[in-house]
Amino acid sequence: DQQVKQNSPSLSVQEGRISILNCDYTNSMFDYFLWYKKYPAEGPTFLISISSIKDKNEDGRFTVFLNKSAKHLSLHIVPSQPGDSAVYFCAASGTSYGKLTFGQGTILTVHP
Amino acid sequence: GAGVSQSPSNKVTEKGKDVELRCDPISGHTALYWYRQSLGQGLEFLIYFQGNSAPDKSGLPSDRFSAERTGGSVSTLTIQRTQQEDSAVYLCASSLGRGRNEQYFGPGTRLTVT
């Protein structure tokens, strides 16, 4: 039973355009959500997080949107850069601490 | 500043042998986590330490797996009698603890059981 799902295994975007990565969850107890970026042979790098009391959080080129009623979150990257090419994972937890449940990841490729 | 460090970076072992993986968390982080990523899979939670509280061991796949955290800092994950299905990248993460769940990951230990 996969509680966090990233249904797109891959996404290809042109440099300068917007990248939109999507994530759905099934567990209504989740109330804290995070996005991570991962390069090959490295550990995941924290990008941005959002608490369930918000519907949007922005940090530079990265914005996370949360739709609790739809149990859906998305990560927007604007403008996309070739260095953004990596695997992106969404993760969720039931509290502001404790274990994270990860999605399967989406491979983002940004073409120059 | 120093991030999470893990050692060794790679470990090849024979089936049936025991292995120990080490994690040094970020200084001042009270919470420490172990995850693993098998080939083609997402990250799977193993165990979580928070301060002096009893660890959450709910993700450990079998009793061959154990972990300890000494002095509230360094942690060791031990796998006894390794099996081929234990082959994975083992990732350690730390966070400030309750109220802030941004977890910062180390580079991982790639374990190969032959």
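Among B:VAL12, B:VAL74, B:VAL89, which one shows the highest mean-square fluctuation when chain B is modelled as a Gaussian network with alpha-carbon springs under 10 Å?
Highest fluctuation of the listed residues: B:VAL12.
Which residue, B:THR78, B:THR30, B:THR70, has the most motion in a Gaussian network model of chain B that connects Cα atoms within less than 10 Å?
Maximum fluctuation in the GNM of chain B, among the listed residues, is at B:THR70.
Once you keep just the Cα pairs under 8 angstrom separated by 6 or more residues, what percentage relative contact order results for region A:1-92?
On the way: 176 pairs, mean separation 32.8, N = 92.
Worked out over region A:1-92, it gives 36 percent.
Kindly report the accessible area of chain A per residue (heavy atoms of protein chains, probe 1.4 Å, no ligands, DNA or RNA), in Å². Don't jump to the answer; show the numbers that get you there.
On the way: 5360 Å² over 112 residues.
Accessible area per residue, chain A: 48 Å².
Using the Karplus curve 6.51 cos²θ - 1.76 cosθ + 1.60 with θ = phi - 60°, work out ³J(HN,Hα) for each residue of region B:38-43 in order, rounded to whole Hz, and write x for Gly and Pro.
Whole-Hz 3J(HN,Hα) from phi for region B:38-43: 7, 4, x, 10, x, 7.
Extent of region A:26-112 along each principal axis, from alpha carbon coordinates, in Å, largest to smallest?
Principal extents (largest minus smallest coordinate, Cα): 39, 26, 19 Å.
What is the gain in length, in nm to one decimal, between B:GLN41 and B:ALA54 on full extension, counting 0.36 nm per residue of separation less the C-alpha to C-alpha distance?
Working: separation 13, 0.36 × 13 = 4.68 nm, distance 2.84 nm.
Roughly 1.8 nm would be gained on extension.
Could you work out which residue, out of B:ASP63, B:ASP86, B:ASP24, moves most in a Gaussian network model of chain B, that is, has the largest mean-square fluctuation with Cα springs under 10 Å?
Comparing B:ASP63, B:ASP86, B:ASP24 in a Gaussian network model of chain B, the most mobile one is B:ASP63.
Can you list the residues in region A:95-112 whose accessible area drops by at least 40 Å² when all protein chains are present, compared with the chain alone? Use a 1.4 Å probe, heavy atoms only.
When all protein chains are present, A:SER96, A:TYR97, A:GLY98, A:LYS99, A:LEU100, A:PHE102, A:GLN104 each give up 40 Å² or more of accessible surface.
What distance in nm lies between label points placed 7 Å from Cα along the C-beta direction at A:ASP1 and A:THR95?
Each label point lies 7 Å from its Cα, and together they span 2.0 nm.
How far is the Cα center of region A:56-97 from the Cα center of region B:37-103, in Å?
Region A:56-97 and region B:37-103 have Cα centres separated by 25 Å.
I'd like to know how chain B sits against the 2.2 N^0.38 Å rule of thumb: what's its Cα Rg over that expected value? Display every interim value, and only then the final one.
Working: Rg = 13.4 Å, N = 114, 2.2 N^0.38 = 13.3 Å.
Dividing the Cα Rg of chain B by 2.2 N^0.38 Å gives 1.00.
Rounded to the nearest 100 Å², what's the accessible area chains B and A bury against each other, both chains counted, probe 1.4 Å?
On the way: alone 6300 and 6200 Å², together 10850 Å².
Summing both chains' loss of accessible area gives about 1700 Å².
Considering only protein heavy atoms and a probe of 1.4 Å, how much of the accessible area of the protein assembly as shown is carbon and sulfur, as a whole percent? Don't skip to the end; give the middle numbers.
Values: 5100 of 10850 Å².
Within the protein assembly as shown, the accessible surface is 47 percent carbon and sulfur.
The values are calculated or read from the model by the stated rules, or taken from the named source; none is laboratory data. These figures come from a predicted structure and were not determined experimentally. As a convention, Cβ positions derive from the backbone with ideal geometry for all residues, glycine included, and neighbour counts pool all protein chains shown. When the accessible area is computed, the model is the full protein with side chains, heavy atoms only, and any ligands, DNA or RNA have been set aside. Shrake-Rupley method; radii C 1.70, N 1.55, O 1.52, S 1.80 Å.
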